[in-house]
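Let me begin by presenting the structure, written as structure tokens, before commenting on it.
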Amino acid sequence: MHTEPAVPYTVSDVMTHTAVAIGENAPYKEIVALMDQWKVSALPVLAGEGRVIGVVSEADLLVKESFRGKDPRPEDFAAAAKAGAVRAGELMSSPAVTVHANATLAEAARIMAQRKVKRLPVVNDIGLLEGICSRSDLLKVFLREDAEIAAEIRRTVLASDALAGLSVTVDEGVATVRGALTDRSLVPLVARAIQGMEGVVAVRLELASHRDTV
């Protein structure tokens, strides 16, 4: 089955290009005020010409409250030291968990899941800040129009002569493929190719008298 490959969406397609960031000397109260003003839970910390050196999150800031009026145990000394911090450079988690602008959405999602973060600074090849990618940004692909998704499936998956007997419709992100397919070994390949496309919620195969839901 030879088809034209779909061009995957990258982080640069969905990220927020206007990124709010702070310098490493930003004071505690200014950080809190910026988070409140912009309704964000974390801010990248920049050095020099805009290189991302860390991230200050709400969790970093709340350490101060967790140790207020409390004597830390020996195993808590490192965290207690952060509780006394007053500048971004002392408060931040470093090195920053970042993602490159040309990374796929799947790669960005894996980084967020593995590192348990909600927002990723987006950087270029030399580590300069280009934007911010959040969980909600990654969900934007599911706002694609059904007609746009169907057209891409026809162009990239069903264009092969071996799949000439198939047609596709898309409704609310669910792609339904109908028709006759002589070579049944192609069924899982078709399903995987469509399921991997940005914006597809599910795939239903209605091939002759056979029906599969993926």
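Using a 1.4 angstrom probe on the protein heavy atoms only, could you order His100, His17 from most to least accessible area?
Working: His100 80, His17 115 Å².
Result of the area sort, largest leading: His17, His100.
Determine, from the Cβ-Cβ distance of Val201 and Ala147 and an R0 of 22 Å, the FRET efficiency 1/(1 + (r/R0)^6), rounded to the nearest 0.05.
Working: r = 15 Å, r/R0 = 0.69.
About 0.90, to the nearest 0.05.
Leaving out ligands, DNA and RNA, and with a 1.4 Å probe, what % of the accessible surface on the chain is carbon or sulfur? Intermediate values should be presented prior to the final figure.
Numbers: 6460 of 12080 Å².
Here carbon and sulfur together make up 53 percent of the probe-accessible area.
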Calculate the dipole size of the chain relative to its Cα centre from +1 charges on Lys and Arg beta carbons and -1 charges on Asp and Glu beta carbons; express the result in debye to the nearest 20.
540
What's the local net charge at Tyr9, with K and R +1, D and E -1, over the other residues with C-beta under 14 Å away?
-4
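How much area per residue is accessible in the chain when the probe is 1.4 Å and only protein heavy atoms are counted (Å²)?
Working: 12080 Å² over 214 residues.
That works out to 56 Å² per residue.
Using DSSP, restrict attention to beta bridges with both residues in the chain and report what percent are antiparallel, rounded to the nearest 5.
70
In percent, what relative contact order does the chain have, based on Cα pairs under 8 Å that are 6 or more apart in sequence? The partial results should precede the final answer.
Numbers: 348 pairs, mean separation 44.9, N = 214.
Relative contact order here is 21 percent.
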Which number gives the lysine pairs in the chain that have C-alpha atoms under 23 Å apart and are eight or more places apart or on different chains?
17
Note the listed values (i) 24, 19, 18; (ii) 37, 19, 16; (iii) 48, 17, 14, then indicate which one is semi-axes √(5λ) of the Cα gyration tensor in Å calculated from this particular structure.
(iii)
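The values are calculated or read from the model by the stated rules, or taken from the named source; none is laboratory data. From a predicted model like this one, the values you see are computed outputs, not experimental measurements. So basically every Cβ, Gly included, is an ideal-geometry build from the backbone, and we count neighbours across all protein chains shown. When the accessible area is computed, the model is the full protein with side chains, heavy atoms only, and any ligands, DNA or RNA have been set aside. Shrake-Rupley method; radii C 1.70, N 1.55, O 1.52, S 1.80 Å.
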